[in-house]
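Only one structure is covered here, and it is reproduced in the block below.
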Amino acid sequence: MILAIAFILIAPVLAERIDLSDKVLAYVEKKYGLSARTRVTDWKRLMESNRNKPEAEKLELVNQFFNQTTFVSDADHWGKNDYWATPIEMLATSGGDCEDFAISKYFTLVQLGVPIKKLQITYVKAMNWNPINQAHMVLAYYPTPDAIPEILDNLIPEIKSATLRKDLTPVYSFNGEGLWLAKERGLGKNVGGSNRIKLWTDLSSRIRKETND
């Protein structure tokens, strides 16, 4: 089953540029340490140096950059059952779970100029992983609205077409412009704005606070 897009424009979220100013970097260093500032600075350089690259190359660079971060469960990392970290929080603490990988890749690609409408943060069931049918999150990239998406995943290093990821079953997807239920291709149903997901709106608020205060 392939996740479809039934795209309806809703109020864009965080389409503006994220400003990693010296003030932001100083805040990161004060709160998390010098090595954290270095990791966030590397992220800043990634975004500043690759805006003119082809989209396929941007996908590879961003996927590789974040996949070198250590996977850590929310319970172990944040002491919470479910916490969606900002890219700064993920990089500064040098760890995150599957949601954090997908979210960080999404926001980085948006900053690199990839249109929001091409990106879907996607909840799936990972059928071949332990435990079976484990809830998981990936980032799906659609070159065109009716294309089969490419999947950016922290479970494997390679970006693969959804047709080659038989181990993943989509449940729903979202981005800054909408929320969709997973249906057979061509029947995707828009079910409202991404502000229906409280974790998403909290995340958006924290990113603005981190980078624009």
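So here's what we get for this one:
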| quantity | calculated |
| --- | --- |
| Taking the C-alpha atoms of region 71-171, convex hull volume expressed per residue in Å³ | 102 Å³ |
| Descending principal axes extents, region 22-212, alpha-carbon based, whole Å | 48, 39, 31 |
| Residue 76 versus residue 30: modelled label distance in nm, points set 7 Å from Cα along the beta carbon direction | 3.2 nm |
| Residue exposure sequence - 47, 90 - by fewest surrounding Cβ within 10 Å | 47, 90 |
| Cβ-based exposure ranking for 121, 116, in which fewest neighbours within 10 Å come first | 116, 121 |
| Under Karplus coefficients 6.51, -1.76 and 1.60, residue-wise ³J(HN,Hα) of region 32-39 in Hz, glycine/proline x | 10, x, 5, 5, 5, 4, 4, 5 |
| Residue 125-residue 208 pseudo-label distance in nm [points 7 Å out on the Cα-to-Cβ vector] | 3.6 nm |
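Every read-out reported here was derived from the displayed coordinates using simple, explicitly stated rules and does not represent laboratory data. Note that the structure is predicted; figures quoted are calculated from it, not measured. A quick note on method: Cβ atoms are made from the backbone with ideal geometry, for glycine too, and the neighbour counts reach across all protein chains shown.
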